[in-house]
Amino acid sequence: MSSGGGKGAKGGKGGGGGKKKEVKKETKLGMAYKKDDNFGEWYSEVVVNSEMIEYYDISGCYILRPWAMEIWELLKEFFDAEIKKLKLKPYYFPLFVTENVLQKEKDHIEGFAPEVAWVTKSGKSDLEAPIAIRPTSETVMYPYFSKWIRSHRDLPLRCNQWCNVVRWEFSNPTPFIRSREFLWQEGHTAFATKEEADEEVLQILELYRRIYEEFLAVPVSKGRKSEMEKFAGGLYTTSVEAFIPNTGRGIQGATSHCLGQNFAKMFDITFENEKGAREMVWQNSWAYTTRSIGVMVMTHGDDKGLVLPPRVAPIQVIVIPVPYKDADTTAIKEACESAVYTLNESGFRADLDTRENYSPGWKYSHWEMKGVPLRIEIGPKDLANQQVRIVRRDNGLKVDIPAANLVEEVKALLDEIQANLLKTAKEKRDACIEVIHTWDEFTTALNNKRLILAPWCDEEEVEKDVKARTKGDLGAAKTLCTPFDQPELPEGTLCFASGKPAKKWSFWGRSY
Ligand code: 87F
């Protein structure tokens, strides 16, 4: 796999003036792997060649380049505006946490302990005591919640921070999907009543659904995690779950937990109610991470590279001048500049590729690899006819439109691409869903990389048993979630794994 990003992979600069055939051959080098042939290599190649990611010399750590960070910023802009409406306030808590405080919630930290990274030295001398790097911030924040919350008038307390966290994972690292350091927002809130907490859990989950479906154009299912898969420190966990058809794996997109009063007990977070009595708060926590970008790449990318939904594309329209030999290059350049100006003025993220050391053909491949939703070509013929040629990244369709209609046409096309990407992804995901009733059907569906919807008795022992019985090289099957959107469960339906009466439909499968 090439590691040099766009340039090296395409045979370097200077391809511009070369013969067409030669240029084509060079651009082909851009993507060596096909999505359906070698998904893992294809994915690495897409994130590097699109200039989202640069590999780094520490395993599981990646450089997020502007093409990734600008997407993250667009998601952040939406989410921040929405949580502001819910009265969330921005905070920043320290990166470091003492062992003492981290261990305070022993029960839930136990299982996670091997992933905690520690600082033990400054320069050559040992620190008096090792200091942990936050894997999540419950233990960092909640001692201060205890201090800040005195009376019912201090509630609700709603805090959100955007930060990095470190989890020293040992399983196969993958850019965005599983990295040792990643970016997220973590919301932590405290309420006087469970009802308020319950309501917020679902409000936030809906925002996560919107991030995936309305921005990233990735279909997700909202649901509740099983007792085994929930956050052990909390009362219940809800999540949005996506599915990657190529690998047949489910992937948790984001989680919204109701913590109940567990942490209030541990950290002594209490308030005086209207009647003067002390009560424990009800808490929530919720997060989504840069993993969401990886899910989007896996969902929409194709053999030419990345495919970006317009709402998160750093550049929505790339304008490329196509100056033939004797053409009026100045007039073409001016027409291109005017198109970009008009689009920018109308609020679109449009840009012009004026580089003279690359041919138009090379630029087409380059911007296709980067997933830009629309390409506008302006050549001598377009100039003469006062038109522009627009090419869609999602389906390759080309249209010539009068330059005068540019803004309306671009708007309509971007909306159509956004809708089409979600629709296509949903069709592909839905085609993978298999409703099963028996253990045999279950294992067959699992081998066929299906997203399994199964009637389940909802017993932890049974889920453990399913895990044990499906253990293998590809990893065990588990519950992904119990979707809120439940099909009818006819009286007498039995659990696929235990044969006991089924209580609910749940999604099962292998997962990331
Ligand atoms: C890894 C090491 C140490 C996950 C960890 O989901 C601790 C943990 O507590 C840990 N990995 N978790 C669970 C995180 C729960 C919760 N935190 C706030 C969230 C949302 C944001």
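Starting from the range 134-148, keep only residues that are assigned by TED's automatic domain parsing to the domain that holds I269 and closer than 16 Å to G233 by Cα, then list their pairs with residues that are open to solvent by 10 Å² or more (accessible area, probe 1.4 Å) and among the basic types (K, R) whose Cβ atoms are within a distance under 7 Å, requiring at least 6 positions of separation or different chains.
Here the result reads P135/R167; T139/K104, each pair linking the range 134-148 to a residue that is open to solvent by 10 Å² or more (accessible area, probe 1.4 Å) and among the basic types (K, R).
Identify, please: which residue in the range 87-131 is assigned to a strand (DSSP E or B), without any contact (Cβ under 8 Å) to a residue 24 or more places away in the chain and within 16 Å of the ligand (Cβ to nearest atom) and is, among those, farthest from F267 (Cα to Cα)?
Per the criteria, the residue is V119.
Looking at V410, is it outside any helix (DSSP H, G or I), of a type in the set (V, I, T) and buried (at least 20 other Cβ atoms within 10 Å of the Cβ)?
So V410 fails the test.
Let's see how each residue does on (1) within 15 Å of the ligand (Cβ to nearest atom); (2) acidic (D, E); (3) not assigned by TED's automatic domain parsing to the domain that holds R158:
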site: L207; (1), (2), (3): yes, no, no
site: R210; (1), (2), (3): no, no, no
site: L216; (1), (2), (3): no, no, no
site: S221; (1), (2), (3): no, no, no
site: S226; (1), (2), (3): no, no, no
site: E229; (1), (2), (3): yes, yes, no
site: G234; (1), (2), (3): yes, no, no
site: T237; (1), (2), (3): yes, no, no
site: E241; (1), (2), (3): yes, yes, no
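Which residues, taken from the range 173-200, are under 20 Å from M296 (Cβ atoms), within 14 Å of the ligand (Cβ to nearest atom) and assigned to a loop (DSSP other than H, G, I, E, B)?
S179
Residues that are closer than 30 Å to T424 by Cβ, open to solvent by less than 70 Å² (accessible area, probe 1.4 Å) and among the aromatic types (F, W, Y): list the helices (runs of 4 or more DSSP H) wholly contained in the range 327-406 that include at least 2 such residues.
Here the list reads 360-369.
Report yes if some residue within the range 186-198 is in contact (Cβ under 8 Å) with a residue 60 or more places away in the chain, within 22 Å of the chain's Cα centre (by Cα) and open to solvent by 10 Å² or more (accessible area, probe 1.4 Å); otherwise report no.
No, the conditions are met nowhere in the range 186-198.
Within the range 77-86, is even one residue away from the ligand (no atom under 16 Å from the Cβ), over 29 Å from H257 (Cβ atoms) and not charged (D, E, K, R)?
Checked against the condition, which is being away from the ligand (no atom under 16 Å from the Cβ), over 29 Å from H257 (Cβ atoms) and not charged (D, E, K, R), the range 77-86 yields no hits at all.
Only one residue in G475, G492 is without any contact (Cβ under 8 Å) to a residue 24 or more places away in the chain and on the phi > 0 side of the Ramachandran plot, so which one is that?
G492
The values are calculated or read from the model by the stated rules, or taken from the named source; none is laboratory data. Just so it is clear, the structure is predicted and the values come from calculations on it, not from any experiment. A quick note on method: Cβ atoms are made from the backbone with ideal geometry, for glycine too, and the neighbour counts reach across all protein chains shown. In case anyone asks, the SASA skips ligands and DNA or RNA and just uses the protein heavy atoms, side chains included. Shrake-Rupley method; radii C 1.70, N 1.55, O 1.52, S 1.80 Å.
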